[in-house]
Amino acid sequence: MDTRFFVTWMEEITTAVHAGRDRLTRLDAAIGDADHGANLDRGFTAVAEALAARPPGTPGAVLVLAGTTLIRKVGGASGPLYGTAFREMGRALGEAPDVPVAALASALEAGLAGVRRLGGAEDGDKTMVDALAPAIRALARCAGEGGEPEEAFAAAAAAAEEGAKATVPLVARKGRASYLGPRSAGHEDPGAASTVLIVGALGTAAARRRPRTG
Ligand SMILES: [Mg+2]
């Protein structure tokens with residue numbers, strides 16, 4: 001995947017988050033402070049604007065600019081967490097002009113490590129980690145089997161979705177939802193839900209980049 005792919009990924013995230021804004025808000029209203037949809041919509045709109053204004057020259061630079069913009073534009077916990085994830089991913093990619101699926105999986109792993117460091121979340125704490133970690137495992141597995149990016153992205157999206165659904169019965173142990181204690185059970189975690197959109201956008205970006213036939 002080249003620089004153009006990563007810009008397209010960010011654009012597809014922006015579109016998906018905008019379309020999913022109300023759902024993210026509803027989920028955050030149930031167990032948080034109802035700002036997740038608006039925060040991420042504002043943040044990724046700013047990311048798309050920043051990328052259009054100053055087109056970066058490498059995939060890593062795209063991700064670092066996206067992360068820096070999210071940290072600057074998004075309040076609450078999600079801006080710093082997603083911002084750190086994208087920045088760490090970008091740093092992991094370095095100056096590479098082209099990124100195979102295995103390298104993307106490794107970069108996502110670095111992003112996840114940054115999220116864990118900042119937020120302190122473990123698997124099963126009812127956070128974005130519960131969608132991101134299984135998505136990365138699926139991506140790495142597909143890369144190891146030498147599959148096409150499209151297959152790897154589809155597997156990652158399915159794993160993220162499954163992970164997000166599995167947060168429903170959990171009691172939150174991190175973030176604002178943890179203040180509710182047992183009352184946080186019965187709702188999907190909004191951070192896991194937005195991670196589904198971010199991972200899912202890899203597939204729509206790949207589909208958009210595929211040359212048209214016929
Ligand atoms: Mg919130």
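The values are calculated or read from the model by the stated rules, or taken from the named source; none is laboratory data. Being a predicted model, the structure only gives us computed values, none of them experimental. Every residue, glycine as well, gets a Cβ built from its backbone with ideal geometry; the counts of neighbours run over all protein chains shown. Just the protein is used for accessible areas: all its heavy atoms, side chains included, with ligands, DNA and RNA removed. Shrake-Rupley method; radii C 1.70, N 1.55, O 1.52, S 1.80 Å.
Per-residue ellipticity at 222 nm from helix content only, as computed over the chain with -39500 (n - 2.57) for each DSSP H run of at least four residues, stands at -24000 deg cm²/dmol.
Size descriptors for region 72-157 (Cα atoms only): Rg and Dmax, in that order, 13.3, 39 Å.
Based on alpha carbons, the Rg and Dmax found for the chain are 16.1, 55 Å. Using a ≥ b ≥ c from the Cα gyration tensor of region 1-125 (square roots of the eigenvalues), is it rounded, prolate or oblate, where a/c under 1.5 gives rounded and otherwise the larger of a/b and b/c decides, a/b for prolate? It is oblate, given that a/c is not under 1.5 and a/b is not larger than b/c. Heavy atoms of the protein chains alone define the surface here; on that basis the chain has 45 Å² accessible area per residue at 1.4 Å probe size.
Close amide H pairs (under 5 Å, H built 1.01 Å from N) link Asp2 with Val99, residues at least 5 positions away or on another chain.
Here the simple spin-label model places points 7 Å from the Cα toward Cβ, and for Ala53 and Arg210 these points are separated by 3.5 nm. For region 97-186, the fraction of 1.4 Å probe accessible surface lying on carbon and sulfur atoms is 56 percent.
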